[in-house]
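I have placed the structure first, in the form of structure tokens, so that the comments after it can refer back to it.
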Amino acid sequence: ISAAEAATYYISPTGSGTDCTSGNPCSISRLEATSEPRPSPGETWILKDGTYNAPTTGPLFDLNCNTGHQSGTALAPIVVRSENERGATLKSHPNSNNVLWMEGCNYWHWEGIVFRGSTNEVNVPGSTVIYLVSSSNNVFRRNILFEINCANKDSCDTFFGWDRDTGVGSDNNLIEEN
């Protein structure tokens, strides 16, 4: 996919558009969509400034590239970035500290975003702000990751998590300037 062919889509915390343009942005649910428009190799998805709140259960983004979502490629990654550096905040629900869960997803780039974990009010052990399962060659650059007032410090685990104990593995992920 050449740069001229790659599409750019816009998301807004209050978006309701269907064409995902800067003037008519879509809702955050478009990033999880398995129907068009959905994130595809070579595309850039721009998050307009504001706070994006997770639904009542689970992470804000639950991307499974084994069952409907797509991976990027080495030459055409899927890029998700804040329109203004760290102007977009992705916030988990208080019952789940995960903001982003990716399974089988490769060549996704996340840039200039604030990933805000919850208060972890239910003390979910193993909660991680970003968790990757069998996901490789992803890039996390210039992001801020944090948890807020974790109720039980023993259950406030990590900011990034990998599936290191499953035997499948996530490899070659770049975490830079976070």
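The values are calculated or read from the model by the stated rules, or taken from the named source; none is laboratory data. Quick caveat, the model's predicted, so the values are computed rather than measured. All Cβ positions, glycine included, derive from the backbone under ideal geometry; neighbour counts span all protein chains shown. In case anyone asks, the SASA skips ligands and DNA or RNA and just uses the protein heavy atoms, side chains included. Shrake-Rupley method; radii C 1.70, N 1.55, O 1.52, S 1.80 Å.
How large is ³J(HN,Hα) for each residue in the range 104-111, as worked out from phi by the Karplus curve 6.51 cos²θ - 1.76 cosθ + 1.60 (θ = phi - 60°), to whole Hz, x for Gly and Pro?
x, 9, 10, 6, 9, 10, 10, 9
Given a Förster distance of 22 angstrom, what is the FRET efficiency for Asn84 paired with Asn53, based on the Cβ-Cβ distance and rounded to 0.05?
Rounded to the nearest 0.05, the efficiency is 0.70.
Could you report the accessible area of Arg141 in Å², rounded to 10, computed with a 1.4 Å probe on the protein chains as they sit in the structure?
For Arg141, solvent-accessible area is about 60 Å².
Taking the simple approach of a point 7 Å from Cα along Cα-to-Cβ for both Asn178 and Arg142, what is their distance in nm?
Placing both labels 7 Å beyond Cα along the Cβ direction yields 1.6 nm.
At 7 Å along the Cα-to-beta-carbon direction for both Ser29 and Ala7, put a label point, then send me their distance in nm to one decimal.
1.8
Ordering Lys91, Lys48 by accessible area with a probe of 1.4 Å, largest first, what comes out?
Result, largest first: Lys91, Lys48.
Using the Karplus curve 6.51 cos²θ - 1.76 cosθ + 1.60 with θ = phi - 60°, work out ³J(HN,Hα) for each residue of the range 84-93 in order, rounded to whole Hz, and write x for Gly and Pro.
In residue order, the calculated couplings are 10, 2, 6, x, 9, 10, 9, 10, 7, 7 Hz.
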